[in-house]
Amino acid sequence: MVKEHSFTEKEGYFGDFGGRYAPEILTEALLDLEKTYLRLKKNKKFQKELEYYRKNYIGRPSLLTYAERLTSAWGGARIWLKREDLNHTGSHKINNTIGQALIAKEMGKRRIIAETGAGQHGVATATVGALFGFETVVFMGEEDLRRQKLNEIRMQMLGARVVGVSSGTATLKDATSEAMRDWALNVSNTHYIVGSVIGPHPFPTIVRDFQAVIGEESKKQFKKRNNKLPDAVVACVGGGSNAMGMFYGFLKDKKVKLYGVEAGGKGNLPGEHSATMLFGKPGFLHGTKTLVIQDEGGQVVPAHSVSAGLDYPGVGPEHAYFHSSGRVKYETVSDQAALDAFLEVCRIEGIIPALETAHAFHFAKSLAKDLGKKRDLLICLSGRGDKDVAEVARLTGLSDGGIH
Ligand SMILES: *Cc1c(COP(=O)(O)O)cnc(C)c1O
């Protein structure tokens, strides 16, 4: 069920952050989307349809796995994994694309577009494009196309047109700008499926509500098995949708500590990281007011991360709010540390995680030690790492990149 979350939600603001700062040409479409969504949120038939696809197509509820081997290897808190990697298409992204595709269908749109970084949101969008018969166009940075060739081919097989974007750093930020431009031109027949809790109101709220299923299920599953709540919850943060979906289930349980993990990249200089909470300042990006990595003149500074899905110089406005309120603590993990955690999780637990998720694992390892035994630590395993195999092999010297 999509739940009613109302606090701090005045006209799409979360404290000082959020809002709708989109080009005027999109205002009507955004108001229309908000109106439609508010109506569908309360509509029993819509909720039943969403439930149907969650159960019979995505494969929900996803498993909650006790990671016995990681627990003993790390020597601290018990480690639990919410298995979004087992969803159809391999990550949490499909929770959102199914929901937004149902909205697009209701609004009579025939064409859907999306931006993508690692390609997981692009694949999840191409998938619902096929499932519901939309014309589908996905914008992806040329640099990300190089890193994530497999996902480009998957999208094409699913019938989507993939448009390479070579402006800027040719990564997620540039793909997002290009998707917004396309939407402004084609808004009459097109719905833009934003892939994270970013963008102008109502997108951060819509995406959060569709991802909240992660935290709601986790809480139920954890309680049933342990008759208590976890002591801490960890998730990686790019735009912040898997983390937001997970955290929402525990937000009001003040004893549960929440940690978001951003990409520390290869250093602290501008252009070397995607650590928005650490280095960002209030600003505007892609239609929302949030923390943005920018220079003194307010120009957005390109982000970097070994994982294409975390490579974004902004963050969802509601995360910026949780950062300022202190409800969620944000940490950073470097490229190298994420690569180490990636291989460790493969070898110890028999799970190949996404490089994005590997950032969460690395921080969880030190947190598990700090928490100590008899405590419980829940990690959002946001996606599987098949897409990253060639890039990790190249970076760790396991192969010369011949996997492509
Ligand atoms: C896209 C992606 C992320 C980052 O996006 P969020 O919106 O921050 O969740 C993290 N993990 C995986 C597996 C992804 O595909």
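The values are calculated or read from the model by the stated rules, or taken from the named source; none is laboratory data. Fair warning: this is a prediction, and the values are worked out from it, not measured in the lab. Every residue, glycine as well, gets a Cβ built from its backbone with ideal geometry; the counts of neighbours run over all protein chains shown.
Taking Val128 and the conditions (1) surrounded by 24 or more Cβ atoms within 10 Å (Cβ to Cβ); (2) out of contact with any strand residue (DSSP E or B) (no Cβ under 9 Å at 6 or more places or on another chain), which numbered condition does it fall short on, given that it satisfies the others?
The number of the failed condition is (2).
Would you check which residues across region 341-361 are of a type in the set (A, V, I, L, M, F, W, C) and either within 16 Å of the ligand (Cβ to nearest atom) or farther than 17 Å from Ala390 by Cα (or both) and list them? Spell out how you get there, then give the answer.
Here is the first cut: in region 341-361, the residues of a type in the set (A, V, I, L, M, F, W, C) are 341-343, 345-346, 348, 351-352, 354-355, 358, 360-361.
Matches in region 341-361: Ala341, Phe342, Val345, Cys346, Ile348, Ile351, Ile352, Ala354, Leu355, Ala358, Ala360, Phe361.
Going by what's in this entry, would Gly90 be described as touching a strand residue (DSSP E or B) at 6+ places or on another chain (Cβ under 8 Å) and surrounded by fewer than 24 Cβ atoms within 10 Å (Cβ to Cβ)?
Yes, satisfied.
Just checking, which of Pro23, Pro61 is away from the ligand (no atom under 16 Å from the Cβ), in contact with an Asp or Glu (Cβ under 8 Å, 6 or more places away or on another chain) and either aromatic (Phe, Trp, Tyr) or touching a residue at least 12 places away in the same chain (Cβ under 8 Å) (or both)? Spell out how you get there, then give the answer.
Numbers: Pro23 fails: in contact with an Asp or Glu (Cβ under 8 Å, 6 or more places away or on another chain).
Only one candidate qualifies: Pro61.
Filter region 165-178 down to the residues that are within 16 Å of the ligand (Cβ to nearest atom) and in contact with a His (Cβ under 9 Å, 6 or more places away or on another chain), then identify the one that is farthest from Asp144 (Cα to Cα).
Among those residues, the one meeting the criterion is Thr176.
Based on this model, can you work out whether Ala101 counts as touching a strand residue (DSSP E or B) at 6+ places or on another chain (Cβ under 8 Å), modelled with pLDDT of 95 or more and either under 30 Å from Gly164 (Cα atoms) or not acidic (Asp, Glu) (or both)?
On the way: touching a strand residue (DSSP E or B) at 6+ places or on another chain (Cβ under 8 Å): yes; modelled with pLDDT of 95 or more: yes; either under 30 Å from Gly164 (Cα atoms) or not acidic (Asp, Glu) (or both): yes.
Considered against the rule, which asks whether it is touching a strand residue (DSSP E or B) at 6+ places or on another chain (Cβ under 8 Å), modelled with pLDDT of 95 or more and either under 30 Å from Gly164 (Cα atoms) or not acidic (Asp, Glu) (or both), Ala101 comes out as yes.
Restricting the search to region 260-271, which residues are out of contact with any Leu (no Cβ under 6 Å at 6 or more places or on another chain), buried (at least 20 other Cβ atoms within 10 Å of the Cβ) and either basic (Lys, Arg) or at negative phi (or both)? Show your work before the answer.
From region 260-271, those out of contact with any Leu (no Cβ under 6 Å at 6 or more places or on another chain) are 260-262, 264-271; that's our starting set.
Narrowing further to those that are buried (at least 20 other Cβ atoms within 10 Å of the Cβ): 260-262, 264-265.
Correct list: Gly260, Val261, Glu262, Gly264.
With respect to Thr190, is the statement that it is among the hydroxyl-bearing types (Ser, Thr, Tyr), closer than 25 Å to Gly18 by Cα and within 16 Å of the ligand (Cβ to nearest atom) true?
Details: among the hydroxyl-bearing types (Ser, Thr, Tyr): yes; closer than 25 Å to Gly18 by Cα: yes; within 16 Å of the ligand (Cβ to nearest atom): no.
For Thr190, the condition - among the hydroxyl-bearing types (Ser, Thr, Tyr), closer than 25 Å to Gly18 by Cα and within 16 Å of the ligand (Cβ to nearest atom) - is not met.
Conditions tested, residue by residue: (1) surrounded by fewer than 17 Cβ atoms within 10 Å (Cβ to Cβ); (2) under 24 Å from the mean Cα position of the chain (by Cα).
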| position | (1), (2) |
| --- | --- |
| Glu34 | no, yes |
| Leu38 | yes, yes |
| Lys44 | yes, no |
| Gly59 | yes, yes |
| Leu63 | yes, yes |
| Tyr66 | yes, yes |
| Ser72 | yes, no |
| Gly75 | yes, no |
| Ile79 | no, yes |
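How about region 195-228: which of its residues are among the polar types (S, T, N, Q), touching a residue at least 40 places away in the same chain (Cβ under 8 Å) and away from the ligand (no atom under 16 Å from the Cβ)?
Going residue by residue through region 195-228, those that are among the polar types (S, T, N, Q) are 196, 205, 211, 218, 221, 226-227.
Cutting the leftovers down to touching a residue at least 40 places away in the same chain (Cβ under 8 Å) gives us 196, 205, 211, 218, 221, 226.
Of everything in region 195-228, those that are among the polar types (S, T, N, Q), touching a residue at least 40 places away in the same chain (Cβ under 8 Å) and away from the ligand (no atom under 16 Å from the Cβ) turn out to be Gln221, Asn226.
What helices (runs of 4 or more DSSP H), lying completely within region 317-404, carry at least 2 residues that are under 21 Å from Tyr66 (Cβ atoms) and of a type in the set (A, V, I, L, M, F, W, C)?
On the way: elements: 317-325, 335-349, 355-371, 389-396.
The helices (runs of 4 or more DSSP H) meeting that bar are 335-349, 355-371.
Among (1) within 16 Å of the ligand (Cβ to nearest atom); (2) surrounded by fewer than 23 Cβ atoms within 10 Å (Cβ to Cβ), there is one condition Val301 misses while meeting the rest; what is its number?
(1)
Regarding Ala77, is this residue in contact with a strand residue (DSSP E or B) (Cβ under 7 Å, 6 or more places away or on another chain), within 30 Å of Glu34 (Cα to Cα) and at pLDDT 95 or above?
The answer is no for Ala77.
Among the residues of region 201-217, is there at least one that is buried (at least 17 other Cβ atoms within 10 Å of the Cβ) and closer than 22 Å to Ala368 by Cβ? Walk me through how you get there before you give the answer.
Keep residues of region 201-217 that are buried (at least 17 other Cβ atoms within 10 Å of the Cβ), which gives 201-217.
In the following step, the residues that additionally are closer than 22 Å to Ala368 by Cβ were identified as 214-215.
Scanning region 201-217, I find at least one residue that is buried (at least 17 other Cβ atoms within 10 Å of the Cβ) and closer than 22 Å to Ala368 by Cβ, so the answer is yes.
In region 257-292, how many are closer than 17 Å to Thr176 by Cα, among the aliphatic types (A, V, I, L, M) and in contact with a Ser or Thr (Cβ under 6 Å, 6 or more places away or on another chain)?
Summing the residues that are closer than 17 Å to Thr176 by Cα, among the aliphatic types (A, V, I, L, M) and in contact with a Ser or Thr (Cβ under 6 Å, 6 or more places away or on another chain) in region 257-292 gives 1.
Filter region 26-55 for residues that are in a helix (DSSP H, G or I) and of a type in the set (S, T, N, Q); which is nearest to Ala124 (Cα to Cα)?
Initially, region 26-55 is screened for residues in a helix (DSSP H, G or I), giving 26-41, 44-55.
In the following step, the residues that additionally are of a type in the set (S, T, N, Q) were identified as 27, 36, 47.
On the way: Thr27: 26, Thr36: 22, Gln47: 20 Å.
Here the answer is Gln47.
Go through region 64-93 and give me each residue that's near the ligand (Cβ under 10 Å from one of its atoms) and in a helix (DSSP H, G or I).
Listed by number, the residues that qualify are Glu84, Asp85, Lys93.
Are any of the residues in region 239-259 more than 10 Å from the ligand (Cβ to nearest atom), crowded, with 22+ Cβ neighbours inside 10 Å, under 13 Å from the mean Cα position of the chain (by Cα) and in contact (Cβ under 8 Å) with a residue 60 or more places away in the chain?
yes
For the condition aliphatic (A, V, I, L, M), under 20 Å from Lys93 (Cβ atoms) and within 16 Å of the ligand (Cβ to nearest atom), what is the one hit in Ala338, Ala364, Ala320, Ala275?
Values: Ala364 fails: under 20 Å from Lys93 (Cβ atoms); Ala320 fails: under 20 Å from Lys93 (Cβ atoms); Ala275 fails: under 20 Å from Lys93 (Cβ atoms).
Sole residue among the options that is aliphatic (A, V, I, L, M), under 20 Å from Lys93 (Cβ atoms) and within 16 Å of the ligand (Cβ to nearest atom): Ala338.
Restricting to region 146-176, name every residue that is surrounded by fewer than 18 Cβ atoms within 10 Å (Cβ to Cβ) and hydroxyl-bearing (Ser, Thr, Tyr).
The answer is Ser166, Ser167.
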